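See below for the structure under consideration.
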Amino acid sequence: MSSRHHDIADDLRHQISTGGIKPGERLPSEASLADRYKVSTVTLRSALAALQGEGLVEKIHGKGNFVRRPLRKIMYVGGWGTLDPWTAAEAALLVTVRSTTVQADGHLTTLLKVPTGSPLAEFFCVGHEGESPHGLARIYIPRDLAPAGVLDDESSYQEAVTRFAVLGPPPATVRETVCARPPTPDEASTLRSGTAAAVLAITRVATDFTGRVIEAALLVFPGDRVDAVFTTHHVTDERKTQG
């Protein structure tokens, strides 16, 4: 026999799928729902947690539980580390940016191949459509390589930052490591994705022609809101073309 919270989740899921509760609509309070279904708030929250894990319901702190609107996917284009230009150009997709200077430690010293304590320019970016986050990025540049004005709010580099793009001149190489994993608590909170839904995590490291790391970016996207595209360019064998 199904447990009670499964029955409640099934009933709410049916109401959502049939339009009884519409996208963007706020569900009754947890206390009201618990009273309606004659269960404890603990049981009721278990049912809501199941729907949150499926991406059907979103809990917004201080506001309540809402039926999630269908989300448009964005496209991450590998190599340059940019969002798809057609998607990124749409006014509905906005990116907020917070920039500062930090000191390298732990994982960052390994990624950027710099000594502990080295100054880095950090950009923390969150892309969102309305109130729904689509992705986040932490982008790091060695402070001595950061172009003048790159930390200023009015900098011309802000357009590149808002596209999660490589900030400096074209790098010689870009290495991207991609994995699907559960979000950290901070990522789940920022992306409002719940801890049950996997995220697509991309670690991007760009180097110049001398092999120096000029940028490292840690990108995280909810797995149900992004497609990633990577294109491989094959080098033509000159001996064959000249033969």
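For residues that are part of a loop (DSSP other than H, G, I, E, B), crowded, with 16+ Cβ neighbours inside 10 Å and among the β-branched types (Val, Ile, Thr), tally how many sit in region 1-45.
Step one: list which residues in region 1-45 are part of a loop (DSSP other than H, G, I, E, B), which gives 1-3, 18-25, 27-29, 38-40.
Applying the additional criterion that residues be crowded, with 16+ Cβ neighbours inside 10 Å yields 21, 27, 39.
Now restrict to residues that are among the β-branched types (Val, Ile, Thr): 21, 39.
Adding up the residues that qualify gives 2.
Hey, among the residues in region 63-76 that are part of a strand (DSSP E or B) and at pLDDT below 80, which one's nearest to Ser17 (Cα to Cα)? Break it down into steps so the answer makes sense when it comes.
At the first step, the residues of region 63-76 found to be part of a strand (DSSP E or B) are 64-67, 74-76.
With the extra rule that they be at pLDDT below 80, the set shrinks to 74-75.
Numbers: Ile74: 24, Met75: 27 Å.
So the residue we want is Ile74.
Inspection of region 90-100 finds no residue satisfying the criterion of being within 21 Å of Thr203 (Cα to Cα), at pLDDT 90 or above and surrounded by fewer than 17 Cβ atoms within 10 Å (Cβ to Cβ).
For Val166, state whether it is modelled with pLDDT under 80, closer than 22 Å to Ala201 by Cβ and outside any loop (DSSP other than H, G, I, E, B).
no
Would it be correct to say that Leu83 is surrounded by 18 or more Cβ atoms within 10 Å (Cβ to Cβ), modelled with pLDDT under 90, within 23 Å of the chain's Cα centre (by Cα) and not assigned by TED's automatic domain parsing to the domain that holds Ser189? Spell out the reasoning first.
On the way: surrounded by 18 or more Cβ atoms within 10 Å (Cβ to Cβ): yes; modelled with pLDDT under 90: yes; within 23 Å of the chain's Cα centre (by Cα): yes; not assigned by TED's automatic domain parsing to the domain that holds Ser189: no.
So Leu83 does not fit the description; no.
Just to be sure before I move on: is Ser17 at pLDDT 90 or above and more than 17 Å from Pro133 (Cα to Cα) in the structure I sent? No.
The values are calculated or read from the model by the stated rules, or taken from the named source; none is laboratory data. If you're wondering where the values come from, they're calculated on a predicted model, not measured in any experiment. Reconstructed Cβ throughout: ideal geometry from the backbone, glycine too, with neighbour counts over all protein chains shown.
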